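The values are calculated or read from the model by the stated rules, or taken from the named source; none is laboratory data. These figures come from a predicted structure and were not determined experimentally. A quick note on method: Cβ atoms are made from the backbone with ideal geometry, for glycine too, and the neighbour counts reach across all protein chains shown.
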Amino acid sequence: MAPALVWLTALMVVPCALVLALAFFRRGIYGGIDYTFTLENFGLVVDPLYAGIFLKSARIAGTATIIAVVIGYAAAYAISAAPRRLQPVFLFFAVLPFWSNYLIRTYAWIVLLNREGLVTQLLRWLGYTGEPPSMLYTEGAVIAGLVYNYLPFVILACYAPLSRLNPELAEASRDLGASAATTFRRVILPLTVPGIAAGAVFVFVLSIGNFVTPALLGGGRFQMIGNLVYDQFLTANDWPFGAALAMALIAIMLLVLMAQAMFADRAAGRAAEATGGADG
Amino acid sequence: MAERSLATRRTLRLVLGLVFAFLYIPIAVLVALSFNKGGLPTAWSGFSLKWYVSLAGNSAILSAGLNTLIVALVSTATATLLGTLLAIGVEMRRRHGKALEALIFAPMIIPDIVLAIALLSFFSMLNLTMGLHTIILAHVVFNLAFVCSVVRARLKSFDWSIVEASADLGASAFTTFRRVTLPVILPAVIAGALLAFTLSVDEFIIAFFTAGAGRASTTLPMQIYSMIRFGITPEINALATIVMAVSITALTLSQRLNRGIIGQ
């Protein structure tokens, strides 16, 4: 195991530590790095201009997360309600697109949403005669791309607790007089929260740091944090500021993961209580 | 599950239908248009294979394809070896710390863009000339983590006493590995390798940052990205169809092998 640990240390831990260190230096006059300690890169991160991009990224990632969780949960619920022998097949085909190239899945949406794309043609066929609507290169297109790319994972994450759900719990709830809606809200939903949380965290974390989807579906001037980091390294040549942005991104990600871990612990406790109570 | 009313069952079926339509219509449109005779990227004008033929004559795409194959094969082989040994090493120990777990888990969740800029900074600080070799170094990082997690899942149910038995019977550590441990974990090792291969073939951002200047080390995803930015062409549709077919085949195979493990 030693060679693998050396590899991970040399090519992940050390480079990441280097980026962390870079964030505390100044940008050189000619774009290089001036090795004098400064905190101004982090000051710039919270500058309204850039903090705005963080907020926008969080808003887009949050919206994509909510939509993906609602659709993904509904899909997972429908799969778990299908006949037992069909469930693995449905699940397999729900996850299959996830295994194809990310760029290509994103490109597919350019083909759909461009001015002469399928959506426009569909509208024409329905009798629409006006200007083709501009759907590509909008925030909506970015959100659609993110939901599309990460939905399979949400389905997978939500299916796991739904398929393990003890049907007697729901029956007991109905027998005790609860309506179907109440049974869902008070019994099924709380027991499947860990799956929802895992799926949501996955979508949010991957969306907020995303670079490809905003670059391709948002158009050239559309920026999320990932694009901002990209620009600092490849066009603006301000590596220290790019490093500070990347560290802020990592910090957000760690916060979300920690929140999920705490939440999962509490949910696990409650679930144990609920099942224990039902047995007793 | 409890009895459901007809209306509920219909609704659930509708939900499934809509979700599958959402997942597959974009891909289906892309694949269909790759067989489109006309040059217009979105209007159907008859079946043709000419875009696949034109791909075969595109030297930029062919060389990018070859680069991708080199990167994927070398990084997969390296990562499979290192990741398997890591998995065995970790699982053999009874107790392991949180730091070790975090180190192995990190490459799977760290945002691509962060690892990409970290490696770019690192390589340029070392004054290393970047090219295919630096992409390979980078790809091994996440590939070995994925191989390790797949093999570890298999080792969770492994009976370590048979390793002790083999040693007691006088087999060397290497013979024990080759004749006892490896046959048991082999399906997982192959599944992990196929997963790593697909991840490497599809990976774009890290390759983009660690490829260095010049076109010599352009990989297929980098080529696809620059073509997409240029606009929609039937040629990209054809290329996309081939790439999707390759990764879906590799991963279906990987999944099959893993299913075999669960079945045992």
When (1) buried (at least 16 other Cβ atoms within 10 Å of the Cβ); (2) among the aliphatic types (A, V, I, L, M); (3) within 14 Å of chain A (Cβ to nearest Cβ); (4) without any contact (Cβ under 8 Å) to a residue 40 or more places away in the chain are applied to B:ALA245, the one that fails is (1)
Quick check on this structure: which one of B:LEU86, B:LEU30 is within 18 Å of B:PRO221 (Cα to Cα) and in a helix (DSSP H, G or I)?
B:LEU30
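Out of the residues in segment B:35-57 that are outside any helix (DSSP H, G or I) and surrounded by 16 or more Cβ atoms within 10 Å (Cβ to Cβ), which is nearest to the other protein chains (Cβ to nearest Cβ)? Quick ask: steps written out before the conclusion?
First pass over segment B:35-57, keeping only residues outside any helix (DSSP H, G or I): B:35-49, B:57.
From what's left, surrounded by 16 or more Cβ atoms within 10 Å (Cβ to Cβ): B:35-36, B:41-42.
On the way: B:PHE35: 14, B:ASN36: 11, B:PRO41: 7, B:THR42: 5 Å.
Step by step, filter segment B:35-57, then rank; the result is B:THR42.
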Which residues, counting only those in segment A:21-46, are within 25 Å of the chain's Cα centre (by Cα) and free of Cβ contacts under 8 Å to residues at least 24 places away in the same chain?
A:VAL46
All positions within segment B:151-172 that are out of contact with any Lys or Arg (no Cβ under 9 Å at 6 or more places or on another chain), among the aliphatic types (A, V, I, L, M) and more than 14 Å from every other protein chain (Cβ to nearest Cβ):
B:ALA153, B:ILE162, B:VAL163, B:ALA165, B:ALA167, B:LEU169
For segment A:86-128, what are the residues that are part of a loop (DSSP other than H, G, I, E, B) and closer than 17 Å to B:SER247 by Cβ?
A:SER100, A:ASN101
Given the conditions (1) touching a residue at least 24 places away in the same chain (Cβ under 8 Å); (2) more than 22 Å from B:VAL114 (Cα to Cα); (3) assigned to a helix (DSSP H, G or I); (4) among the aliphatic types (A, V, I, L, M), which single one is not true for A:ALA170?
(1)
For residues that are of a type outside the set (S, T, N, Q), surrounded by fewer than 18 Cβ atoms within 10 Å (Cβ to Cβ) and more than 31 Å from the chain's Cα centre (by Cα), tally how many sit in segment B:141-185.
9
A:ILE60 - would you say it is part of a loop (DSSP other than H, G, I, E, B) and out of contact with any Phe, Trp or Tyr (no Cβ under 6 Å at 6 or more places or on another chain)?
no
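Just to be sure before I move on: is A:ARG115 within 8 Å of another protein chain (Cβ to nearest Cβ) and among the basic types (Lys, Arg) in the structure I sent?
Working: within 8 Å of another protein chain (Cβ to nearest Cβ): no; among the basic types (Lys, Arg): yes.
When the stated conditions are applied, A:ARG115 does not pass them.
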Could you tell me which of the residues A:LEU18, A:LEU11, A:LEU5, A:LEU55 is without any contact (Cβ under 8 Å) to a residue 24 or more places away in the chain, in a helix (DSSP H, G or I) and away from chain B (no Cβ under 13 Å)?
A:LEU55
Output the number of residues of segment B:101-147 satisfying the condition of being in contact with a Gly (Cβ under 6 Å, 6 or more places away or on another chain), more than 7 Å from every other protein chain (Cβ to nearest Cβ) and in a helix (DSSP H, G or I).
1
Here the residues within segment A:101-116 that are in contact with an Asp or Glu (Cβ under 7 Å, 6 or more places away or on another chain) and crowded, with 22+ Cβ neighbours inside 10 Å are A:ASN101
Here is a check on your reading of the model: is A:TYR128 among the hydroxyl-bearing types (Ser, Thr, Tyr) and under 30 Å from B:ILE110 (Cα atoms)?
no
Single unsatisfied condition, A:THR192 versus (1) touching a helix residue (DSSP H, G or I) at 6+ places or on another chain (Cβ under 6 Å); (2) surrounded by fewer than 19 Cβ atoms within 10 Å (Cβ to Cβ):
(2)
Counted residues, segment A:213-239 - those being within 10 Å of chain B (Cβ to nearest Cβ) and in contact with a strand residue (DSSP E or B) (Cβ under 8 Å, 6 or more places away or on another chain):
1
List pairs: first in segment B:170-197 and among the aromatic types (Phe, Trp, Tyr), second at pLDDT below 90, Cβ under 7 Å, 6+ apart or cross-chain?
B:PHE197/B:ALA250
The one condition A:TYR137 fails out of (1) more than 8 Å from chain B (Cβ to nearest Cβ); (2) part of a helix (DSSP H, G or I) is (2)
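State yes or no: is A:ALA68 in contact (Cβ under 8 Å) with a residue 60 or more places away in the chain and in a helix (DSSP H, G or I)?
yes
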Hey, among the residues in segment B:2-34 that are in contact (Cβ under 8 Å) with a residue 40 or more places away in the chain and more than 8 Å from chain A (Cβ to nearest Cβ), which one's surrounded by the fewest Cβ atoms within 10 Å (Cβ to Cβ)?
B:VAL31
Filter segment B:166-209 for residues that are among the charged types (D, E, K, R), in a helix (DSSP H, G or I) and in contact with a helix residue (DSSP H, G or I) (Cβ under 8 Å, 6 or more places away or on another chain) and give the result.
B:ARG179, B:ASP202
For segment B:229-242, enumerate the residues that are within 11 Å of another protein chain (Cβ to nearest Cβ), modelled with pLDDT under 90 and surrounded by fewer than 22 Cβ atoms within 10 Å (Cβ to Cβ).
B:ARG229, B:GLY231, B:ILE232, B:THR233
Taking segment B:190-209, which residues are touching a Phe, Trp or Tyr at 6+ places or on another chain (Cβ under 8 Å), more than 10 Å from every other protein chain (Cβ to nearest Cβ) and not hydrophobic (A, V, I, L, M, F, W, C)?
B:GLY192
